[in-house]
1. May I ask you to say which residue of B:LEU71, B:LEU32 is more than 10 Å from chain A (Cβ to nearest Cβ), hydrophobic (A, V, I, L, M, F, W, C) and closer than 22 Å to A:PHE49 by Cβ?
2. Considering B:THR62, B:THR53, B:THR102, which residue is in contact with a Ser or Thr (Cβ under 8 Å, 6 or more places away or on another chain), surrounded by fewer than 21 Cβ atoms within 10 Å (Cβ to Cβ), of a type in the set (S, T, N, Q) and within 14 Å of chain A (Cβ to nearest Cβ)?
3. Does A:GLY72 satisfy being more than 11 Å from every other protein chain (Cβ to nearest Cβ) and part of a loop (DSSP other than H, G, I, E, B)?
4. Going by what's in this entry, would B:TYR97 be described as among the aromatic types (Phe, Trp, Tyr), more than 14 Å from chain A (Cβ to nearest Cβ), part of a strand (DSSP E or B) and out of contact with any helix residue (DSSP H, G or I) (no Cβ under 6 Å at 6 or more places or on another chain)?
5. Collect the residues in the range A:6-29 that are away from chain B (no Cβ under 12 Å), surrounded by fewer than 15 Cβ atoms within 10 Å (Cβ to Cβ) and assigned to a loop (DSSP other than H, G, I, E, B), keeping them in residue-number order.
6. Among (1) touching a residue at least 60 places away in the same chain (Cβ under 8 Å); (2) among the polar types (S, T, N, Q); (3) not in a strand (DSSP E or B), which single condition is A:SER58 missing?
7. Looking for something assigned to a strand (DSSP E or B), over 15 Å from A:TYR33 (Cβ atoms), touching a Phe, Trp or Tyr at 6+ places or on another chain (Cβ under 7 Å) and in contact (Cβ under 8 Å) with a residue 12 or more places away in the chain - is there at least one such residue anywhere in the range A:110-117?
Amino acid sequence: GAGVSQSPSNKVTEKGKDVELRCDPISGHTALYWYRQSLGQGLEFLIYFQGNSAPDKSGLPSDRFSAERTGGSVSTLTIQRTQQEDSAVYLCASSLVPAGGPYSYNEQFFGPGTRLTVL
Amino acid sequence: GIQVEQSPPDLILQEGANSTLRCNFSDSVNNLQWFHQNPWGQLINLFYIPSGTKQNGRLSATTVATERYSLLYISSSQTTDSGVYFCAVLYNFNKFYFGSGTKLNVKP
């Protein structure tokens with residue numbers, strides 16, 4: 001089947017505009033993750049969904065960021081009033097089983113990312 | 001939060017050499033994963049290893065949860081192993097923390 005897909009692949013926007021990033025996980029995967037990677041930097045965890053619920057939203061960088069997941073499938077990450085420091089590659093991943101719990105194996109499959117540039 | 005430290009930050013190997021990458025973490029964690037990011041940016045999950053030892057081909061990983069560290073072994077390295085290796089820990093069942101990565105360059 002298809003892997004994790006993200007859209008758009010590239011987004012250039014002007015400072016102050018809102019953007020919406022989309023993630024389609026692998027069908028049947030219950031967990032979905034959003035990460036951010038700034039140019040030349042490491043990975044920053046943003047939020048994790050188990051089904052449609054996010055247990056902890058404190059990883060979102062500011063209140064301009066929000067995320068939702070509907071139907072246990074597609075997720076959108078919305079950034080309002082974008083700033084230049086929001087420029088980064090936004091990565092989505094999904095896994096069959098939840099991130100925690102008594103599982104012997106829990107592989108995250110990553111999408112190709114959305115490269116966001118805020119001018 | 002929790003601190004996750006990886007070492008070494010950079011590593012250059014000749015093809016065929018072996019190496020060990022280390023990940024230390026400052027508190028008890030729910031799980032630990034190793035990832036590889038290739039030079040084109042694609043991330044691949046290598047191991048999900050909250051404790052014990054796992055092997056997959058030339059790669060193996062060991063996590064000693066009681067001593068708060070994990071090791072990733074690469075044997076007979078190949079140029080395709082180049083990239084950045086990240087470890088990540090799940091803390092309080094709801095938040096991942098990443099190390100800053102080990103950048104590996106395997107030369108032919």
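FYI, it's all coordinate maths here, none of it is from the lab. Quantities reported herein were computed from a predicted structural model and do not represent experimental measurements. Glycine gets a Cβ as well: all are built from the backbone with ideal geometry, and neighbour counts include every protein chain shown.
1. Of B:LEU71, B:LEU32, the one residue that is more than 10 Å from chain A (Cβ to nearest Cβ), hydrophobic (A, V, I, L, M, F, W, C) and closer than 22 Å to A:PHE49 by Cβ is B:LEU32.
2. B:THR53
3. yes
4. No; evaluated as a whole, the condition is false for this residue.
5. Correct list: A:PRO8, A:GLU14, A:LYS15, A:GLY16, A:LYS17, A:ASP18, A:SER27, A:GLY28.
6. In the conditions (1) touching a residue at least 60 places away in the same chain (Cβ under 8 Å); (2) among the polar types (S, T, N, Q); (3) not in a strand (DSSP E or B), A:SER58 misses (1) alone.
7. Checking the range A:110-117: at least one residue is assigned to a strand (DSSP E or B), over 15 Å from A:TYR33 (Cβ atoms), touching a Phe, Trp or Tyr at 6+ places or on another chain (Cβ under 7 Å) and in contact (Cβ under 8 Å) with a residue 12 or more places away in the chain.
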